[in-house]
Each structure stands twice: as structure tokens, then as C-alpha cells.
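The values are calculated or read from the model by the stated rules, or taken from the named source; none is laboratory data. Please read all numbers here as calculations on a predicted model, not as lab measurements. Here the Cβ positions follow ideal geometry from the backbone for every residue, glycine too, while neighbour counts run over all protein chains shown. Each accessible area value is taken on the protein alone, full model and side chains, heavy atoms only, with ligands, DNA and RNA left out. Shrake-Rupley method; radii C 1.70, N 1.55, O 1.52, S 1.80 Å.
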Amino acid sequence: MHRFGADIAGGSEGHCRVIAERLAERHDITVITTTARDHMTWRNEYPAGVSEAGALTVHRFPVVRQRSIRDFADISTRVFRGGEPAAVQEEWFRMNGPEAPGLLAYLEAHGHEYDRILFWSFRYYQSFFGVPLVAERAVLLPTAEEDPAIRIGLLNAYFTKPAGLVYLTPEEQELVERYSGRPLPPSCVVGSGLDQPPQPSTGALISTGIARPYVLYLGRIDPNKGCATLLRFFTRWAKESTRAVPLVMAGPANMAIPADDRIRALGFVDPVVREALLANASLIVIPSPFESLSMVLLEAWNHCVPALVNARCRVLKGQVQRAAGGLYYRNYDEFVRGLETLLRDATLAQDLGRSGHDYVERNYRWSHVMETLEQFLENLAVPARRTIAQPSS
Amino acid sequence: MADQAGRPNVARLMREIEDQVRQQRRTRLLARGAPDEYRDAEIFAIVEDVLHRAVDQRDLEALLIPELLDADEDWELQLPLRFESHRRTTGGLILFVKKRILRPLMHWLYEYSLENFRRQRRVNRLLFASIEELALENAKLKQDIAELKDGGIAERTGRQGHA
């Protein structure tokens with residue numbers, strides 16, 4: 001894993017942590033990672049060496065080069081255009097980082113001591129260079145999104161290397177298969193798991209000063225997450241409509257939020273407030289153009305809350321269609337129609353929310369997720385490990 | 001409005017929303033002076049469908065026109081700024097000054113231009129995709145016409161043979 005820690009907020013990082021913790025209930029799990037915490041610079045922040053995190057052993061390796069965003073942007077532009085030689089494409093993965101050659105050396109020397117080695121996110125250094133070193137026991141969770149990185153030429157051969165592939169959604173599987181264009185190793189589709197939601201605290205919502213009805217956005221407030229478009233659409237709708245309800249945005253902001261009475265930006269909220277916000281929302285809006293799995297969407301359905309999602313993201317649209325748990329939009333007019341339909345027709349909104357909940361019940365309870373994953377890992381034809389792993393610092 | 005499993009029929013709901021939005025958009029465009037042909041709702045729906053395919057469904061990195069222009073160096077926007085010098089002796093110093101002094105000073109302008117060039121590149125690609133969709137429609141229509149002609153000729157020939 002490129003970075004690891006309870007204090008790290010991130011989709012694949014969080015997924016890795018919860019899966020590792022669940023696997024550790026029945027297996028010995030070592031997390032091989034770096035000392036980086038910040039995903040922009042990969043600055044060394046955690047101490048190198050071996051430590052314990054609950055039932056997990058964590059083995060951290062130092063990063064030898066911080067990421068230069070400017071240089072990385074330059075090489076990305078070149079590589080994403082296509083036609084660059086293999087050496088330049090490899091350099092893209094090195095510059096994306098976090099470059100930790102010690103981690104690769106450890107994998108090369110000790111990889112055979114593990115039964116299975118799971119790699120998260122193809123785009124990072126440790127996965128791109130690590131998978132080939134332990135290919136026969138490597139299982140890759142690509143966490144692929146429809147962004148330009150998936151088109152890098154070297155990936156065609158790369159995706160054939162691991163012993164198995166684990167996708168988060170059928171759309172991700174289709175994406176990787178489409179771009180690799182050749183037979184791939186055995187795979188399965190496993191998302192992440194959810195527990196039954198806790199009883200929502202009424203006091204928590206009152207403490208924020210927010211009253212129903214409201215539209216909820218939950219997560220990092222960032223242009224890359226489609227928030228600039230969401231804010232543009234919402235402020236326009238709020239001006240044009242007499243039926244506008246507030247938009248509540250809960251999450252750290254990486255961009256300016258317009259001063260508008262009907263936009264309530266709460267910043268980072270604690271888990272109790274988060275659950276209360278989810279439980280009481282009229283609907284959740286997810287404007288992200290790129291996702292490999294939207295946990296927020298599943299969490300909303302866990303509370304029977306319908307969703308309005310960006311149709312340009314195939315994963316979000318696919319999840320909504322499979323679950324019959326909401327509506328989707330491609331432009332402002334569809335955004336407004338979808339929003340007003342969900343706000344006006346309470347019975348329909350309730351039915352969509354309940355249908356989303358049934359979908360979570362069928363596919364995303366931990367027991368189901370872990371059974372599917374463990375079965376897949378067990379059935380993979382990989383060589384037996386040679387000795388018990390004893391990581392040393 | 002439920003599907004066979006008793007769940008809300010999202011596909012039907014979305015079709016209804018899309019139809020309402022199309023009608024609203026057509027009225028708006030006509031009011032602004034769009035072509036008279038748009039008064040025909042069916043024609044408008046076909047035009048919108050072709051353009052939607054270009055905008056929403058086409059992979060902008062898998063287009064035919066860029067392949068055809070492959071031998072032409074000058075058609076594509078060059079996004080990254082590359083520093084090169086033909087001077088053997090002073091080249092290194094010039095590159096150093098450009099990279100380490102001038103570029104950091106002008107970084108804000110560079111970033112601004114780069115972002116706009118990226119947008120322009122996307123617009124170019126969308127236009128290519130739209131043209132390609134129209135060419136596809138045209139090709140399919142040509143095929144249909146050819147088949148109809150062949151069928152008509154065969155039918156006529158058949159009738160003549162029977163006569």
C-alpha cells in the first residue's frame with residue numbers, strides 16, 4: 001500500500017485498512033507500506049520500520065524522493081498524450097511515487113514468505129514495480145477510474161502479470177478489460193463492506209443548526225470531485241427556483257465555497273454528526289466524474305437515502321441503475337429535474353432509498369464481502385510460501 | 001412505476017426526465033433563433049442523440065481524425081513546455097536560466113495558459129468526435145440506401161424474370 005494509517009483519509013487507503021483489519025480476524029496480516037502520509041509530496045512522516053496497529057503488523061519503508069507536482073504534471077501531459085517510449089512511461093510511475101526502493105527490495109527478498117500479496121491501486125510506484133517481483137502470489141486491486149492514467153501503454157502487459165485481480169465494481173472490471181485488450185488473470189468483483197447503520201442521534205443534527213429538508217454532499221470538497229460544477233448548478237438553481245432547499249456540504253474544503261445562505265459548509269464532521277446528516281438528508285448528491293467505488297453512495301443507501309449522481313461517471317451511474325436507488329444527470333437541466341423530482345415526490349424518493357438499501361443488504365454486508373474475497377484468494381492457484389515472514393526494521 | 005422486481009423503474013424515470021429536458025431545451029433554443037428544422041421534435045431528438053453520443057459516449061483518445069493526421073506535426077496543441085537549446089557552449093547556461101529562474105517567475109502565467117490549452121484540446125477532440133459521429137451516421141445511411149437500391153433492383157429483376 002502506498003501509504004497507510006488510521007489518520008489517512010482516502011478511498012483506496014481506507015479500503016485497504018478495513019479489508020486488512022477484517023482479514024486479520026482469521027489470518028496473519030502484514031501491511032507493507034511507506035513512511036509517507038501526505039499524498040501530494042510523499043514526505044517521510046511516519047517512522048520507518050516495524051510497528052503494530054491493532055492486529056496488523058505494519059512495515060514501513062522510507063521514500064527517497066518527494067513528488068514535484070510541477071514535474072509530475074509535465075510528464076503526465078506527455079505520457080497521457082501517448083506515444084512516449086517505455087522508459088518515459090516507467091518514469092511516470094516512479095515520479096508518481098511514493099518511490100521506496102527499500103519496499104521493492106523487501107518484496108524481492110521476502111515476498112515468497114507470504115501466501116498472498118495484495119496490491120492496491122495500479123498507479124502507484126509500489127504496485128507498478130512490485131507486482132512483477134512477486135507476480136505468482138500477487139493480487140492486484142487496480143482501483144481504476146476512467147482517467148487518462150488507464151491508457152498508459154505499459155499497462156496492457158502489466159494487468160496480465162498478477163495471479164489475480166479484484167475489482168470494486170463491474171464497471172471497473174469492464175474498464176480494465178477494455179484497455180488491456182488481452183486475456184487477464186482470474187478476477188472477482190468485491191466492493192467494501194458496511195455494518196448496519198447506528199441509531200441516528202437527533203441531538204447531533206440539532207447541534208449543527210441544520211433542519212430538514214436538505215440536500216447532502218459528503219466528502220472532500222474539491223474541483224476534482226466535481227464540486228465546482230455542483231456549486232455552479234446549485235447556486236443557479238437556488239436563484240431560479242422558489243422551492244430551493246439548503247445544500248449541506250460536510251468535508252474538508254480544497255476550494256472556495258460561494259457565500260450563499262442556502263449553502264452550509266460544515267467542514268470535517270465527527271462520525272456521529274456524519275451519521276445524523278446521512279440519516280436525515282432528503283437526498284445525497286454525488287457530482288464526481290471519476291470513481292472506482294463510491295462508499296458515500298453506499299452509506300447513503302444504508303440509511304435509505306436516495307441519490308442524485310453524475311451520469312458521466314460510469315461507476316456511479318451503474319451503481320444507481322443496478323440498485324434502482326436514485327437518479328442521474330448529465331447537465332444542468334437534468335440536474336434540476338432530478339433534484340426537484342426527488343424533493344417533490346416523497347413516495348418515489350422513499351422507494352428509491354429503500355431499493356438502494358436492499359442493494360446494500362444483498363451485496364455490501366461485511367459477511368458477504370469477506371466470504372467472496374476470502375474464497376477468491378483461497379482458490380487462486382499460487383505457490384505455497386516458503387518460510388514464516390519475520391519482518392525486521 | 002416499478003420494474004418486474006417491484007423496484008422503482010429508474011430507466012423509465014430517466015427517459016421521462018430526458019424527454020422533458022429535451023422539450024424544454026428545444027423550446028429555449030427556438031426562442032433564441034435556432035434553425036426552423038428544430039420545430040420538428042423528432043428531428044431535434046435525432047440531432048441531440050447524435051451529438052450526445054459524441055459528447056458522452058465517445059472515448060476522446062480513440063478517434064479517427066488524429067490517426068489520419070498522424071504524419072502532420074502541426075495539428076496538435078503542444079501542452080508541456082520543453083526547454084531546448086541548439087547552442088553548444090552557452091546552451092546549458094541558457095537552459096539553466098530558463099528552467100530555474102524564468103520559469104518559476106512565470107509559473108502563474110504558464111499554469112494559466114496550460115489549463116486553457118487543455119480545455120482547447122478537449123474542445124478540439126469533442127469536435128472531432130462530433131464530426132466522426134456525423135460521418136458514421138452518413139456511412140450507415142449510405143449503406144442503407146445501397147441495400148435498398150440493391151433490394152429494389154433485385155425486386156425489379158425478379159419481377160421481370162417472372163414476367
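Structure values in brief
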| read-out | value |
| --- | --- |
| Alpha-carbon Debye profile of chain A, log10 I(q)/I(0) at 0.08, 0.11, 0.12, 0.14 Å⁻¹ | -0.44, -0.84, -0.99, -1.30 |
| Chain B - percent relative contact order, Cα under 8 Å, separation 6 or more | 25 percent |
| Surface/4 estimate of mean projected area, convex hull on alpha-carbon atoms of region B:77-162, nm² | 9.5 nm² |
| Structure-based [θ]222 nm, chain B - -39500 (n - 2.57) summed over DSSP H runs of at least 4, per residue, nearest 500 | -21500 deg cm²/dmol |
| For region B:71-133 versus region B:1-52, the gap between their alpha-carbon centres in whole angstrom | 40 Å |
| Assigned charges on the beta-carbon of Lys, Arg, Asp, Glu; region A:1-148 dipole about Cα centre (debye) | 200 debye |
| DSSP H segments from chain B that extend 27 Å or more along their own axis, Cα-based, with Kyte-Doolittle mean of 0.5 or above | none |
| Alpha carbon centroid spacing (whole Å) that separates region A:245-313 from region A:144-219 | 17 Å |
| Residue-by-residue Karplus 3J(HN,Hα) for region A:136-142, coefficients 6.51, -1.76, 1.60, Hz, glycine and proline x | 5, 10, 8, 10, 9, 9, x |
| Rounded percent of accessible protein surface that carbon and sulfur make up, region B:75-140, 1.4 Å probe | 62 percent |
| Efficiency of FRET from Cβ geometry, B:Asp49 and A:Gln350, R₀ 22 Å, rounded to 0.05 | 0.10 |
| Over chain A, relative contact order from alpha-carbon pairs under 8 Å, at least 6 apart, % | 14 percent |
| Residues listed by number, region A:26-40, amide nitrogen under 15 Å from A:Glu52 label point at 7 Å toward C-beta | A:28-31 |
| Residue-normalised accessible area of region B:77-162, expressed per residue, 1.4 Å probe, Å² | 81 Å² |
| Per-residue mean of C-beta atoms belonging to partner chains within 10 Å, peptide A:322-330 | 4 |
| Estimated vicinal HN-Hα couplings, Hz - region A:317-328 in sequence order (Karplus 6.51, -1.76, 1.60; Gly, Pro = x) | 4, x, 4, 5, 5, 5, 7, 6, x, x, 10, 9 |
| Pairwise label distance in nanometres, B:Asp40 with A:Glu113, each label 7 Å out on the Cα-Cβ vector | 7.5 nm |
| Largest to smallest accessible area among A:Arg3, B:Arg12 [probe 1.4 Å] | B:Arg12, A:Arg3 |
| For A:71-77, mean number of other protein chain Cβ atoms within 10 Å | 3 |
| Whole-percent carbon and sulfur share, accessible surface of region A:8-58, 1.4 Å | 49 percent |
| Globularity index of region A:1-112, i.e. its alpha-carbon radius of gyration over 2.2 N^0.38 Å | 1.18 |
| Where labels lie 7 Å past Cα in the beta-carbon direction, separation of B:Ala2 and A:Ser207 in nm | 4.0 nm |
| List of region B:78-95 residues, accessible area with partners at least 20 Å² below that of the chain alone (1.4 Å probe) | B:Gln78, B:Leu79, B:Pro80, B:Arg82 |
| Prolate/oblate/rounded call for region A:54-179, Cα gyration tensor, a/c under 1.5 rounded | oblate |
| Å² of accessible area per residue within chain A, as computed with a 1.4 Å probe and no ligands counted | 42 Å² |
| Residue list for region B:6-24, given a label point 7 angstrom along the Cα-to-Cβ vector of B:Ala31 and an amide N cut-off under 15 Å | B:21-24 |
| DSSP-defined antiparallel bridges as percent of all bridges, chain A, nearest 5 | 20 percent |
| Separation of the A:Glu340 and A:Glu371 label points, Cα + 7 Å toward Cβ, nm | 4.6 nm |
| Summed buried accessible surface, chains B and A, 1.4 Å probe, nearest 100 Å² | 2700 Å² |
| Number of partner chain Cβ atoms within 10 Å, mean per residue of B:4-16 | 5 |
| Estimated FRET transfer efficiency when R0 is 56 angstrom, pair B:Gln57-B:Glu84 (beta carbons, to 0.05) | 0.90 |
